[in-house]
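J.: Have a look at this one before I ask anything.
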Number of protein chains: 4
Amino acid sequence: MNETTVTVVGNVATTPVYRELPSGPVARFRLAVTARHFDAVKNTWNDGHTNFFTVWARRTLGANVQASLAVDEPVIVQGRLKVRDEERGGQHWTSADIDAQTIGHDLSRGTAAFRRVLKGDGSLTQAASAREQPESEPVG
Amino acid sequence: MNETTVTVVGNVATTPVYRELPSGPVARFRLAVTARHFDAVKNTWNDGHTNFFTVWARRTLGANVQASLAVDEPVIVQGRLKVRDEERGGQHWTSADIDAQTIGHDLSRGTAAFRRVLKGDGSLTQAASAREQPESEPVG
Amino acid sequence: MNETTVTVVGNVATTPVYRELPSGPVARFRLAVTARHFDAVKNTWNDGHTNFFTVWARRTLGANVQASLAVDEPVIVQGRLKVRDEERGGQHWTSADIDAQTIGHDLSRGTAAFRRVLKGDGSLTQAASAREQPESEPVG
Amino acid sequence: MNETTVTVVGNVATTPVYRELPSGPVARFRLAVTARHFDAVKNTWNDGHTNFFTVWARRTLGANVQASLAVDEPVIVQGRLKVRDEERGGQHWTSADIDAQTIGHDLSRGTAAFRRVLKGDGSLTQAASAREQPESEPVG
């Protein structure tokens, strides 16, 4: 309840980093989301503010992200937003993470050939994850 | 303002129907979205209600949908929801359409190989669409 | 998982109907959600398509809706969308329901004086509801 | 296009600060959004991560927020998320702002008496704002 669920459309900004942890595969990458506004008077699109997020993909989704995504590819990501504050070495850091539930290539930008992964049931492992795992284990 | 934007995760339920209209390419398909609930006592997932939507993809997105999607593939769709009521032949019909902004294969279910489409700028044609097109021309 | 969660901003179109059921209070009303588009050339807003939903509010939320909402008031509603199809008397009916999680008056349209309700914990009753209740008991 | 729109349900964490700027009224406050998870085994709710946002309300919405909201009241907020990074005095700061489109008291927590504000048309001023205003003028 009261989860902050977001759907964002942007570009993969860093090569996904992949780790096999005891809790299962995890992939993470930075995502750049640039708002665009249409200027009807000039008939052009203008870029607005860019939001950067760290996207985390776990288990089946993590393994498939590793096998599918490359830098600069356009994607849609749905997941839970986590805004974090911490003090490290006297410095104040905040980060905006998305714990992804679904990620897909943006077909408004290109075509995609899909291959279903049969081994393992993403739903079951996600359920296991939701109950057993810390939500933000460091990847590396 | 006050658009009803939705993001749904489900399965392509019918083969996309593709048409080249004067206003540009249009693809449409039926999407099945089944809620699933985790039963922590039995440790199983149960299927809940299934929502069906007619998804419309226009211009570059429509052409790429036609080149990329097949029946039963898992997808994430973001777009504007339109609930319609009409009287036809003495019958009362309501339909739930989604005018898609972005569609992608669900990488929690499999892998995808993406190829960027360079000809034409989807953003510009979408802008043109937003201004010039009726929002719900029949496809066929 | 895969719930179709929507947030809509619109106007209460019918007086809320309130019932005390064995499962707890339930209020329902029709909501009109009209998209508006800004025409930058003419510098005016134009009305677009109107979506109608039947909004269901249960338990504490239902009782507070009954005490707070009147026809024509502007509201924001977040909840689960359910599109239903049925055959009744040889007629085909579809409806678009929202099972509301949160409802509030839209403060971009006016002011509101809030009074917290202490008796009963909405969270607990919602949890009970999620586990024990059919999701769509008829109200009327 | 590609705006990061979020809907969050949480509690007002600081008294709204109100300013009359040349561009119109602006109110801002901190919002605490705590995810809650139901533990079906223990039959209890557990608090999860808390996200903090700075919410900005402009023009009519800003004036009505000032007249309506107090610390600790439960609200639903819909708006555009802006994640910002900056360097200030050798320190690295990130903040998560929401540029609110709609705010309302959460009726699952209490009742509200609404009074429509007639002077001025929020829609028009929002449109004016979208075109003429810097998106993040400091309040102060």
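The values are calculated or read from the model by the stated rules, or taken from the named source; none is laboratory data. Note that this is a predicted model, so its numbers are computed, not measured. All Cβ positions, glycine included, derive from the backbone under ideal geometry; neighbour counts span all protein chains shown. Remember, those area values only see protein heavy atoms, side chains included, never the ligands or the DNA or RNA. Shrake-Rupley method; radii C 1.70, N 1.55, O 1.52, S 1.80 Å.
J.: Only bridges with both residues in the stretch B:1-102 count here: give the DSSP antiparallel percent, nearest 5.
T.: Working: 38 of 41 bridges.
Given both bridge residues lie in the stretch B:1-102, the antiparallel proportion sits at roughly 95 percent.
J.: Hey, how much of the P(r) for the stretch A:1-87 falls beyond 14 Å, as a percent of Cα pairs? Write down the numbers at each step before the final one.
T.: On the way: 2584 of 3741 pairs.
Percent of Cα pairs beyond 14 Å in the stretch A:1-87: 69.
J.: Could you tell me the largest-minus-smallest coordinate of the C-alpha atoms of the stretch B:17-66 on each of the three principal axes, in descending order and whole angstroms?
T.: 56, 16, 12
J.: So, one more: Tell me the per residue accessible area of the stretch C:33-101 using a 1.4 Å probe; a whole number in Å² is fine.
T.: 42
J.: Tell me: how much accessible area in total is hidden between D and B, 1.4 Å probe, Å², nearest 100?
T.: The D and B chains share an interface burying roughly 300 Å².
J.: Now a separate question. Per-residue Cβ counts within 10 Å, from other chains only, averaged over B:23-29: what number is that?
T.: Per residue, the number of nearby Cβ atoms from other chains is 0 on average.
J.: Report the closest approach of any chain B C-beta to the axis of the B-to-C rotation: residue and distance, in whole angstrom.
T.: Nearest-to-axis residue on chain B, with distance in whole Å, is B:T94, 2.
J.: Just checking the output field for A:2-15: average partner chain Cβ neighbours within 10 Å of each residue's Cβ? Don't jump to the answer; show the numbers that get you there.
T.: Working: counts 19, 11, 13, 6, 7, 10, 8, 8, 2, 1, 0, 0, 0, 0.
That average works out to 6.
J.: For D:A70, what is the net charge nearby, where nearby means another residue's Cβ is under 15 Å from its Cβ and Lys, Arg count +1, Asp, Glu -1?
T.: Here the count lands on +2.
J.: In peptide D:43-51, what is the residue-averaged number of other protein chain Cβ atoms found within 10 Å of each Cβ?
T.: Other-chain Cβ atoms within 10 Å of each residue's Cβ, averaged: 5.
J.: Would you pull out the residues with amide H under 5 Å of D:S108's amide H, same chain only if 5 or more places away, H placed 1.01 Å from N?
T.: C:I103
J.: I've got another one for you. Quick one: label points 7 angstrom along Cα→Cβ at A:L118, distances to the other copies in nm, smallest first?
T.: Label-point separations across copies, in nm and ascending: 3.8, 6.1, 6.9.
J.: Further question on the same structure: Going 7 Å from Cα along the Cα-Cβ axis for the label, what nanometre distances separate D:S23 from the same residue across the other copies?
T.: 3.5, 4.0, 4.7
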